[in-house]
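Okay, so here's the structure we're looking at.
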Amino acid sequence: MAPKRTFAPIAESPKIRIGLVLLSLIYILFFLVLPVVVVFTEAFSRGFAHYLEAVTEPDAQAAIKLTLLVAAIAVPANVVFGVAASWAIAKFDFVGKSFLITLIDLPFSVSPVISGLIYVLMFGGQGLIGPWLDEHDIQIVYAVPGIVLATVFVTFPFVARELIPLMQEQGAEEEEAARSLGASGWQTFWRVTLPNIKWGLLYGVLLCNARAMGEFGAVSVVSGHIRGFTNTMPLHVEILYNEYNLPAAFAVASLLAFLALVTLVAKGILELRYGHELAPVHH
Amino acid sequence: MHIDVRNVTKRFDSFTAVRNLTLDVRQGELVALLGPSGSGKTTLLRIIAGLEHANEGQILFDGDDAVARHVGERRVGFVFQHYALFRHMTVFENVAFGLRVAPAERRMSNTDIKNRVMSLLSLVQLDRLAARYPSQLSGGQRQRVALARALAIAPLVLLLDEPFGALDAKVRKELRRWLRRLHDDMGLTSIFVTHDQEEALELADRVVVMNQGAIEQIGTPDEVYNTPATPFVYEFLGNVNKIPCTIANGAVNLWGLAVTAETVDGAPVPAGSAAGFAYVRPHDIEIVAEGTQRAIVRHVGAAGPTARLELEVAGVHAPVEVQLIRQAFLDLGLKVGQTVAITARAARVFPARS
């Protein structure tokens, strides 16, 4: 029997539905698709050889390596912190819980430039513990450690924010069941908690990673813009742009855009493949 | 296993969920914790399971302090109200969980685990669904998976939190019988929580009636139903008419029946004249040809093996409910609006709380 298309009496009329769909499509086209297309067309405007040169010259290579390094430190750090914090918040009651939630949101509400400035004020030459660091020959600001710190700070809500509502909704019953069956805390975490949150965690990691690689403001303040040493990809793009080297700027930018597209596609594929495990249990 | 709950108190912030409660469950017993929501029955069950710590008091398993034992070492199978099945695992893996997480020196081989899980699944008649996920099962099937999972660790005690609450009436009745058989066959000691009096009375060896964190009465289903210890038990278990009356010198004449007033805690009944309530079951009211108390028939419900009448009695605000066996009802030929005489066969009187 062919399914008959019917509209529920409370639904909007077809005109309004089509209108709403069109509106969102046009909006997405203008503000999302078009800029991405422009990035890639501009990047290849002088041919592939130019593109290759722009992304393989030593400064660009250094920027790419630094960006990957920063992400490779910041993302795992925030995964550990995010899972720990959301587990604590979702599964236990303790004094200062709402304060912790507020603190996690702090990087969202503070301008990234100010986040960077905080590190300069703390670790810089005139800063709070700057002189002590100088004495011990430890360089944080205008060096890789500062960039990593600033990136960790700016990206730390992503994983936790993704997991807290998910874990709160799931409650602690499955964990209690695991414990009553004799599982240790670790076993409960690896066998029950982690599998239940893996999709949210993956999504949080993707968002965290995208931001870690793309962060500009905070990193710009602490980096000092030393070419080949403390320039991440976004900073390198800015420098090229300021030098009116537009094709090269867009070439490096296209790498960032490409990374974003790859992560989105990867997420889509994983969801298609393991989607059945996402089916919620209805009580 | 013999379970001994001694003077247990549990507080959540300012709320006391269980207050100074003592309870003894003998080996092989099936006990129901019955009470309204908020009476502390689930909290008590969770304390026995070790999922919650008591603020005061002791839980003894066969005479040993269970508080020192970790929840995983108590050999307690716990069935959660909403089953709490692991949603990302198949039915098979759900049941196998308790066996797989056992410490290495006690862990079974994979073949043994497989055999044990499959035999448990055939016990709960779900062996064909071993590869399904919980989201693909009906409520009754999930309930049975939860039971099989709890039984996998060979528990000595089975604790069930509202085990049949989320199921429809027919499945509930089937599972109830099945659980009773399982309990007897496996020689378990079981405690289940319910707010459904019918379930408690039908299934349990003993019923513990709870109210506001304390025990109102412990007894066999027959005892708690037929000789309720307190007005609360009267009102909570079965239908009852609560008739306001005046106690004169410790006694009341209720519609021609002399009843001696009693108190819950055995304190003396106030001398002289005092307000009280008489509790009369609907089937303990008789319609007679001659009597001191008159009543008007206001409603007749004749469907089923017994007929239900609602009578209007002067001085009683709520309608008085009467239950008659069908033949007696037909013999009397009662009609709505008719005036009849009533008397009580049995009743109990408690002074009103001051």
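The values are calculated or read from the model by the stated rules, or taken from the named source; none is laboratory data. Small disclaimer: the values here were computed from a predicted structure and weren't measured. We place every Cβ from the backbone using ideal geometry, glycine too, and count neighbours over all the protein chains shown. For the accessible areas, the whole protein counts, side chains as well, though only heavy atoms, and no ligand, DNA or RNA atoms are used. Shrake-Rupley method; radii C 1.70, N 1.55, O 1.52, S 1.80 Å.
For every residue, the table says whether it meets (1) within 12 Å of chain A (Cβ to nearest Cβ); (2) of a type in the set (A, V, I, L, M, F, W, C); (3) over 22 Å from residue B:192 (Cβ atoms).
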| residue | (1), (2), (3) |
| --- | --- |
| B:115 | no, no, yes |
| B:120 | no, yes, no |
| B:128 | no, no, yes |
| B:134 | yes, no, no |
| B:144 | no, no, no |
task: Hey, can you tell me all the residues within the range B:67-90 that are within 14 Å of chain A (Cβ to nearest Cβ), under 27 Å from residue B:14 (Cβ atoms) and either in contact with a Ser or Thr (Cβ under 6 Å, 6 or more places away or on another chain) or without any contact (Cβ under 8 Å) to a residue 24 or more places away in the chain (or both)?
output: B:71
query: Quick one: would you say residue B:162 is open to solvent by 10 Å² or more (accessible area, probe 1.4 Å), within 14 Å of another protein chain (Cβ to nearest Cβ) and charged (D, E, K, R)?
result: yes
- line: The one condition residue B:267 fails out of (1) in contact (Cβ under 8 Å) with a residue 12 or more places away in the chain; (2) surrounded by fewer than 19 Cβ atoms within 10 Å (Cβ to Cβ); (3) within 25 Å of residue B:353 (Cα to Cα); (4) not basic (Lys, Arg) is (1)
- prompt: Just checking, how many residues over the range B:1-22 are of a type outside the set (Val, Ile, Thr) and under 22 Å from residue B:75 (Cα atoms)?
  reply: 4
- prompt: Only one residue in A:252, A:192 is more than 30 Å from residue B:91 (Cβ to Cβ), touching a residue at least 12 places away in the same chain (Cβ under 8 Å) and open to solvent by less than 40 Å² (accessible area, probe 1.4 Å), so which one is that?
  reply: A:252
- prompt: Taking the range B:294-304 as the search range and keeping residues that are open to solvent by 40 Å² or more (accessible area, probe 1.4 Å) and in contact (Cβ under 8 Å) with a residue 24 or more places away in the chain, which one is nearest to residue B:344 (Cα to Cα)?
  reply: B:294
Of the criteria (1) open to solvent by 10 Å² or more (accessible area, probe 1.4 Å); (2) within 14 Å of chain B (Cβ to nearest Cβ), which one residue A:216 fails: (2)
query: Just to be sure, is residue B:141 free of Cβ contacts under 8 Å to residues at least 40 places away in the same chain, open to solvent by 50 Å² or more (accessible area, probe 1.4 Å) and within 33 Å of the chain's Cα centre (by Cα)?
result: no
message: So for the range B:269-280 (the condition being farther than 20 Å from residue B:344 by Cα and under 25 Å from the mean Cα position of the chain (by Cα)), does at least one residue qualify?
response: no
statement: Given the conditions (1) more than 10 Å from every other protein chain (Cβ to nearest Cβ); (2) out of contact with any Asp or Glu (no Cβ under 6 Å at 6 or more places or on another chain), every one holds for residue A:204 apart from (2)
- prompt: Quick one: which strands (runs of 3 or more DSSP E) sit completely within the range B:185-262 and have at least 2 residues that are open to solvent by 20 Å² or more (accessible area, probe 1.4 Å)?
  reply: B:206-211, B:214-219, B:241-248, B:251-254, B:257-260
query: Does at least one position in the range A:171-184 carry a residue that is over 16 Å from residue A:87 (Cβ atoms), more than 10 Å from chain B (Cβ to nearest Cβ) and open to solvent by less than 20 Å² (accessible area, probe 1.4 Å)?
result: no
query: Can residue A:162 be described as closer than 24 Å to residue A:91 by Cα, of a type in the set (Asp, Glu), within 13 Å of another protein chain (Cβ to nearest Cβ) and open to solvent by 30 Å² or more (accessible area, probe 1.4 Å)?
result: no
- request: Evaluate the range A:247-260: report whether one residue or more is of a type in the set (Ser, Thr, Tyr), out of contact with any Phe, Trp or Tyr (no Cβ under 7 Å at 6 or more places or on another chain) and part of a helix (DSSP H, G or I).
  value: no
statement: All conditions in (1) in contact (Cβ under 8 Å) with a residue 60 or more places away in the chain; (2) part of a helix (DSSP H, G or I); (3) among the basic types (Lys, Arg) are true of residue A:46 except (2)
message: If I ask for residues that are at positive phi and either surrounded by 18 or more Cβ atoms within 10 Å (Cβ to Cβ) or in a strand (DSSP E or B) (or both), which ones from the range B:2-16 would you list?
response: B:7
query: If we only count helices (runs of 4 or more DSSP H) wholly inside the range A:140-230, which ones have 1 or more residues that are within 19 Å of the chain's Cα centre (by Cα) and farther than 28 Å from residue B:97 by Cα?
result: A:144-155, A:157-170, A:194-214, A:217-223
- prompt: Which number in (1) crowded, with 17+ Cβ neighbours inside 10 Å; (2) in a loop (DSSP other than H, G, I, E, B) marks the one condition that residue A:137 misses?
  reply: (1)
- prompt: Checking residue A:155 against (1) buried (at least 22 other Cβ atoms within 10 Å of the Cβ); (2) on the phi > 0 side of the Ramachandran plot, which single condition isn't satisfied?
  reply: (2)
- prompt: Within the range B:328-338, is there a residue that is more than 22 Å from residue B:257 (Cα to Cα) and charged (D, E, K, R)?
  reply: yes
